[in-house]
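Trainee: Take this structure, written in structure tokens, and hold onto it; I'll ask about it next.
The values are calculated or read from the model by the stated rules, or taken from the named source; none is laboratory data. None of these values were measured; they are calculated from a predicted model. Here the Cβ positions follow ideal geometry from the backbone for every residue, glycine too, while neighbour counts run over all protein chains shown.
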Amino acid sequence: MTKTNGKHLFVPSALFATLLSSLLFSGCEEDVEDPSFQAWCGDMLCSWDTETGRIARVGTWHPSDYGVELVETPTILSQVTGKPTSELMDAEALEVDPDDVESTCNLFEGLYLPDTNECLWQVSTGGDRCRRFEVTADVADTAQVQIEVDYGADGSVDYTQPMVASGWEPVSFLISLPEWPGLVRYRIHKRGEGRAVIAHFGVHATNECVDVVTVDERPLGVACDMGSQCASDVCASIASWQACSECADDTGCGAGETCQVVIDDAHPNGAYRACRTAP
Amino acid sequence: MPRTLPSLGPLCAALLVLTAANPALAQDPQAAPRLQRVDLAPDAHAYALVVGSNPGGPGQEPLAFAERDAERMAEVLTELGHYPAGRVDLLRAPTRAQLTSALRRLRQRVSIHDARGEQSVVFFYYSGHAQSQALRLGGEEFPLSELRAAIDALPSTLTLVVLDACQSGAYSRVRGTDPAADFSHNSIQQLQTRGVAVMASSSGDELSQESERLSAGYFTHHLLVALRGVADENRDGRVALDEAYRYAYAQTLLDTSRTAVGGQHVTLDTNLTGHGAVALTYPARASAQLELPAALEGQLLITRTRGDTVMAELDKAAGAALRLALPAGRYHVLWRGEGVIRSCSVTLPARGVHVLSASGCEEITEEQATARAADSGPSMAWGAELGFGFAMEGRDSDYTDRLDDFGYQPGFFDWNWNLRLSAAVERQIRPHLSVLLTFDSLESRTFDRTFVDDSEDTFAWRAWAVGVQLRGTLPLAGHWLYGYAQGGAGLGIARSRFNPGREQDPTNVQVDYGVQLSAALGLRFMPWAHAGFYLQGSYTFAPILQNDLGDRHDSGGVAIVTGLRVQL
């Protein structure tokens with residue numbers, strides 16, 4: 001309990017639970033939603049994006065236990081997972097009283113935004129940088145299905161591995177992630193002709209990898225320690241943390257612009273600093 | 001042949017009681033009263049109270065055939081004695097209260113005829129344990145004095161009472177083993193009152209026996225054979241009381257004299273002054289008869305195919321034809337005579353007389369005859385079993401491995417064993433060989449798959465098997481312990497249910513069918529003639545379940561089952 005501005009500050013139970021689960025279970029949960037392709041919204045998967053091509057719902061060992069067939073060539077299924085470096089606190093979901101947003105934000109060393117009474121806070125600080133993939137599928141060699149991993153979900157594929165899974169025999173393998181926390185986009189990419197049905201695509205955090213991937217081209221919004229780690233070569237302070245940014249201060253900005261904290265859907269890894277016209 | 005038993009004290013076995021006021025034991029059948037025709041009206045109302053009780057009292061082993069003897073006596077009375085089926089009251093292992101109630105009911109019914117001035121006949125038969133002063137009804141006693149009072153109170157024109165009182169040995173089943181008692185003498189003396197007469201299966205210092213070979217008490221068996229017509233000496237188509245007595249006396253003595261226990265002499269005491277010969281049965285009026293022609297001679301063992309029941313065993317002399325009234329059906333006759341042994345299959349039509357002839361028989365060897373005779377033991381036509389137990393193994397398969405591959409885990413109640421329910425109906429087709437219709441619940445399995453959002457897919461199935469099996473049975477000890485082996489095939493049925501955790505998807509139910517094979521070894525404990533227990537180990541191969549990827553699951557496996565058995 002902390003006394004602030006003469007008011008007692010209570011940490012709401014939902015917020016407490018969120019923090020606790022983040023600390024305790026960050027390395028144990030399934031990394032993707034609907035790994036068994038059971039949730040269908042019409043002809044599309046509810047939790048996966050079909051970037052290209054066409055998919056179909058088909059039975060696997062049982063007509064009611066579905067898998068996804070990558071029908072056309074090419075077909076790409078993808079899902080963005082992980083947590084951004086920072087995001088706006090969902091005060092309502094966390095049961096934080098509107099009057100307590102500022103004090104709560106201060107408590108967690110976030111950046112309070114008085115104009116909108118919102119709090120920008122750091123939500124991802126680390127965790128296991130290794131993922132175990134468990135795949136059950138029936139993929140013909142000619143289908144040339146590969147797993148693509150996009151660190152930071154910035155649109156650039158950073159890692160590719162063929163999906164060698166036929167006859168529904170489960171296969172398992174490890175992929176290292178970069179040392180920095182952030183979003184990851186997993187893609188299942190069918191590039192050739194042939195049958196490709198996937199029943200399970202599970203991704204679990206683990207600490208079994210012997211190394212981590214060093215990627216010194218972190219996208220905007222990702223936490224950083226120095227500019228050389230960022231694709232933009234700029235690592236700027238946001239609040240209690242630093243993130244790859246377009247600017248560190250107003251020096252590099254044009255006339256009438258200031259180096260502001262920007263929250264941009266185009267860069268989902270978190271807030272970053274960029275030169276914007278002063279309001 | 002009955003086994004030799006240690007010498008036991010004097011006792012008796014069976015009594016036939018008639019109206020009498022003058023006690024006079026007739027030990028010599030030739031001295032038995034030659035009775036004239038009875039003065040009963042043709043429409044005399046006939047009633048029978050037939051009682052059989054296998055259970056023994058404290059220190060007594062249960063009898064094997066007392067209740068069966070009573071059943072057969074009731075059958076003969078109905079078939080050939082003109083006792084209407086509705087007036088034959090058959091009590092199996094009754095309590096004292098039930099017997100008292102039956103006697104009271106009998107008296108009430110007879111009293112109605114007496115009040116109308118109508119004649120009536122009462123036949124009372126009892127087979128079971130007894131002590132010197134009482135019948136033994138399991139753990140209870142029924143005093144002879146009470147029986148005497150009940151019989152005295154019957155206002156019938158003619159009262160016939162058969163008491164077959166016994167205690168038993170394990171094999172030859174000596175009846176009445178109380179060395180301090182003379183049941184025969186005491187019962188006759190006590191029942192020897194006005195309106196009552198007695199015929200006993202043995203004299204006062206003898207034992208009575210049951211026969212494994214005949215599956216009956218010696219005396220009751222021969223009395224029944226006599227009543228079926230073999231004892232009809234004067235060929236008048238009726239078996240009179242004295243005729244039945246003389247035949248039963250001779251045959252019982254002949255049979256039992258070969259046993260270690262020794263011969264038993266049937267006794268008869270009557271007082272029918274003013275009456276004529278009492279006709280007990282009318283075999284000539286039977287619709288189905290087996291005639292042994294005049295020229296035929298030798299020893300004959302006549303066995304009914306259904307139930308393998310010995311219907312008659314007799315010595316036939318050449319010179320006169322002999323007819324037996326038997327229920328229509330199939331019979332086997334083992335005929336030893338003229339230096340050869342013949343095996344004859346006979347089918348008695350519902351109406352008509354079948355004449356046995358050598359041309360319809362095949363000659364067999366002594367070994368075959370011995371085997372045939374050995375088959376003439378206690379038998380049953382139908383049996384039913386109901387049991388439960390545990391099934392093991394047969395748990396994991398490519399099918400369950402596939403479930404594991406797809407993320408399913410055994411449910412909380414999916415243990416490494418299953419409760420197995422088993423039921424069977426058995427029909428004997430040959431001695432020691434029977435056919436069973438079986439039903440088994442094979443297994444019940446549940447697998448779950450849980451997702452991050454806590455939704456859960458459940459896949460569960462149950463499997464059953466119905467089949468036909470062939471069982472071979474081997475007696476291991478007396479008539480209470482048997483071993484058996486069986487095997488067969490049938491239909492396996494599996495009903496599976498896929499229940500998706502997401503509400504928008506419906507539950508999917510599938511039914512799979514397949515062939516199942518099964519084999520079993522078991523033990524049957526039969527402490528009672530018609531009921532007992534069984535313990536069985538079985539293996540069932542039932543690859544019924546199959547998934548869309550071609551994996552199969554065997555729902556069978558090893559099972560141990562125990563349960564109850566009844567047989568008729």
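Trainee: Restricting the range A:174-209 to residues that are charged (D, E, K, R), surrounded by fewer than 18 Cβ atoms within 10 Å (Cβ to Cβ) and more than 14 Å from chain B (Cβ to nearest Cβ), which is nearest to A:LEU220 (Cα to Cα)?
Mentor: If we take residues in the range A:174-209 being charged (D, E, K, R), surrounded by fewer than 18 Cβ atoms within 10 Å (Cβ to Cβ) and more than 14 Å from chain B (Cβ to nearest Cβ), then A:GLU179 is nearest to A:LEU220 (Cα to Cα).
Trainee: Inside the range A:176-208, can you point out the residues that are touching an Asp or Glu at 6+ places or on another chain (Cβ under 6 Å) and assigned to a loop (DSSP other than H, G, I, E, B)?
Mentor: A:ASN207
Trainee: Test A:LEU45 against the criterion of being under 25 Å from the mean Cα position of the chain (by Cα), away from every other protein chain (no Cβ under 14 Å), surrounded by 15 or more Cβ atoms within 10 Å (Cβ to Cβ) and within 19 Å of A:GLY202 (Cα to Cα), and give yes or no. Don't jump to the end; show me each part of the working.
Mentor: On the way: under 25 Å from the mean Cα position of the chain (by Cα): yes; away from every other protein chain (no Cβ under 14 Å): no; surrounded by 15 or more Cβ atoms within 10 Å (Cβ to Cβ): yes; within 19 Å of A:GLY202 (Cα to Cα): yes.
No; evaluated as a whole, the condition is false for this residue.
Trainee: Which count do you get for residues in the range A:249-279 that are out of contact with any helix residue (DSSP H, G or I) (no Cβ under 8 Å at 6 or more places or on another chain) and either farther than 18 Å from A:GLY155 by Cβ or not in a loop (DSSP other than H, G, I, E, B) (or both)?
Mentor: Filtering the range A:249-279 for residues out of contact with any helix residue (DSSP H, G or I) (no Cβ under 8 Å at 6 or more places or on another chain) gives A:249-256, A:260-274, A:276-279.
Narrowing the set further to residues that are either farther than 18 Å from A:GLY155 by Cβ or not in a loop (DSSP other than H, G, I, E, B) (or both) leaves A:249-256, A:260-263, A:271-274, A:276-279.
Within the range A:249-279, residues that are out of contact with any helix residue (DSSP H, G or I) (no Cβ under 8 Å at 6 or more places or on another chain) and either farther than 18 Å from A:GLY155 by Cβ or not in a loop (DSSP other than H, G, I, E, B) (or both) number 20.
Trainee: Taking the options A:VAL157, A:VAL145, name whichever one is surrounded by fewer than 18 Cβ atoms within 10 Å (Cβ to Cβ) and either of a type in the set (Asp, Glu) or more than 14 Å from chain B (Cβ to nearest Cβ) (or both). Give the steps one after another, and end with the answer.
Mentor: Values: A:VAL145 fails: surrounded by fewer than 18 Cβ atoms within 10 Å (Cβ to Cβ).
Every option except A:VAL157 fails the conditions.
Trainee: If you go through the range B:447-481 one residue at a time, how many are within 14 Å of chain A (Cβ to nearest Cβ) and not in a strand (DSSP E or B)? Steps first, answer last, please.
Mentor: Of the residues in the range B:447-481, the ones within 14 Å of chain A (Cβ to nearest Cβ) are B:447-461.
Next, from what is left, pick out any that are not in a strand (DSSP E or B): B:451-455.
Summing the residues that are within 14 Å of chain A (Cβ to nearest Cβ) and not in a strand (DSSP E or B) in the range B:447-481 gives 5.
Trainee: Among residues belonging to the range B:381-432 that are of a type in the set (A, V, I, L, M, F, W, C) and assigned to a loop (DSSP other than H, G, I, E, B), point out the one that is farthest from the chain's Cα centre (by Cα).
Mentor: Looking at residues that are of a type in the set (A, V, I, L, M, F, W, C) and assigned to a loop (DSSP other than H, G, I, E, B), I get B:PHE406.
Trainee: Checking the conditions here, which among A:TRP61, A:TRP121 is hydrophobic (A, V, I, L, M, F, W, C), closer than 30 Å to A:GLY192 by Cβ and touching a helix residue (DSSP H, G or I) at 6+ places or on another chain (Cβ under 7 Å)? Explain how you work it out, then say what you get.
Mentor: Values: A:TRP121 fails: closer than 30 Å to A:GLY192 by Cβ.
Exactly one residue qualifies, and that residue is A:TRP61.
Trainee: Do we have A:GLU169 as away from every other protein chain (no Cβ under 14 Å), assigned to a loop (DSSP other than H, G, I, E, B) and more than 20 Å from the chain's Cα centre (by Cα) here?
Mentor: Numbers: away from every other protein chain (no Cβ under 14 Å): no; assigned to a loop (DSSP other than H, G, I, E, B): yes; more than 20 Å from the chain's Cα centre (by Cα): yes.
Taking the combined requirement at face value, the residue does not satisfy it.
Trainee: Of everything in the range B:292-318, what is closer than 16 Å to B:ARG68 by Cα and either surrounded by 18 or more Cβ atoms within 10 Å (Cβ to Cβ) or among the hydroxyl-bearing types (Ser, Thr, Tyr) (or both)? Give them in sequence order. Write out each step before concluding.
Mentor: Taking the range B:292-318 and keeping what is closer than 16 Å to B:ARG68 by Cα, we get B:303-304, B:306-312.
Once the filter is applied, which keeps residues that are closer than 16 Å to B:ARG68 by Cα and either surrounded by 18 or more Cβ atoms within 10 Å (Cβ to Cβ) or among the hydroxyl-bearing types (Ser, Thr, Tyr) (or both), the range B:292-318 yields B:THR303, B:ARG304, B:ASP308, B:THR309, B:VAL310, B:MET311, B:ALA312.
Trainee: Taking only pairs six or more apart or across chains, which ones have beta-carbon atoms under 6 Å, a first residue in the range B:485-500 that is within 13 Å of chain A (Cβ to nearest Cβ) and free of Cβ contacts under 8 Å to residues at least 40 places away in the same chain, and a second residue that is surrounded by fewer than 20 Cβ atoms within 10 Å (Cβ to Cβ) and not polar (S, T, N, Q)?
Mentor: Hits for this filter: B:ARG497/B:ALA460; B:ARG497/B:VAL509.
Trainee: Any idea which residue in the range A:212-221 is surrounded by the most Cβ atoms within 10 Å (Cβ to Cβ), counting only those that are out of contact with any strand residue (DSSP E or B) (no Cβ under 6 Å at 6 or more places or on another chain) and not hydroxyl-bearing (Ser, Thr, Tyr)? So that I can check it myself, show each step before the final result.
Mentor: We begin by selecting, within the range A:212-221, every residue out of contact with any strand residue (DSSP E or B) (no Cβ under 6 Å at 6 or more places or on another chain); these are A:214, A:216-217, A:219.
Checking the rest, the ones that are also not hydroxyl-bearing (Ser, Thr, Tyr) come to A:216-217, A:219.
Numbers: A:ASP216: 13, A:GLU217: 18, A:PRO219: 25.
This residue is A:PRO219.
Trainee: Listed residues A:ASP128, A:ASP150, A:ASP211, A:ASP225; which is part of a loop (DSSP other than H, G, I, E, B), modelled with pLDDT of 90 or more and among the acidic types (Asp, Glu)? Outline the logic, then answer.
Mentor: Details: A:ASP128 fails: modelled with pLDDT of 90 or more; A:ASP150 fails: part of a loop (DSSP other than H, G, I, E, B); A:ASP211 fails: modelled with pLDDT of 90 or more.
Checking each option against the conditions leaves just A:ASP225.
Trainee: Would you call A:CYS119 buried (at least 21 other Cβ atoms within 10 Å of the Cβ), at negative phi and not in a strand (DSSP E or B)? Reasoning before the result, please.
Mentor: On the way: buried (at least 21 other Cβ atoms within 10 Å of the Cβ): yes; at negative phi: yes; not in a strand (DSSP E or B): no.
Judged against the criteria, A:CYS119 is not a match.
Trainee: Among the residues of the range A:54-67, is there at least one that is within 14 Å of chain B (Cβ to nearest Cβ), modelled with pLDDT of 65 or more, closer than 19 Å to A:HIS189 by Cα and in contact with a Leu (Cβ under 8 Å, 6 or more places away or on another chain)?
Mentor: Scanning the range A:54-67 turns up no residue that is within 14 Å of chain B (Cβ to nearest Cβ), modelled with pLDDT of 65 or more, closer than 19 Å to A:HIS189 by Cα and in contact with a Leu (Cβ under 8 Å, 6 or more places away or on another chain).
Trainee: Quick check on this structure: which one of B:ASP89, B:ASP114 is more than 24 Å from B:ALA312 (Cβ to Cβ), of a type outside the set (Ser, Thr, Tyr), outside any loop (DSSP other than H, G, I, E, B) and at pLDDT below 90?
Mentor: Numbers: B:ASP89 fails: at pLDDT below 90.
Criteria check complete, one pass: B:ASP114.
Trainee: Another question about this same structure. Taking the stated definitions as given, is A:ASP233 in a loop (DSSP other than H, G, I, E, B) and either of a type in the set (S, T, N, Q) or touching a Gly at 6+ places or on another chain (Cβ under 8 Å) (or both)?
Mentor: On the way: in a loop (DSSP other than H, G, I, E, B): yes; either of a type in the set (S, T, N, Q) or touching a Gly at 6+ places or on another chain (Cβ under 8 Å) (or both): yes.
So A:ASP233 passes the test.
Trainee: Let me ask something else. Restricting the range B:550-560 to residues that are closer than 12 Å to B:ASP398 by Cα and surrounded by fewer than 17 Cβ atoms within 10 Å (Cβ to Cβ), which is nearest to the other protein chains (Cβ to nearest Cβ)?
Mentor: Going through the qualifying residues, I end up with B:GLY550.
Trainee: Among the residues of the range B:501-535, which ones are more than 14 Å from every other protein chain (Cβ to nearest Cβ) and not in a strand (DSSP E or B)?
Mentor: Scanning the range B:501-535 gives B:MET526, B:PRO527, B:TRP528, B:ALA529, B:HIS530.
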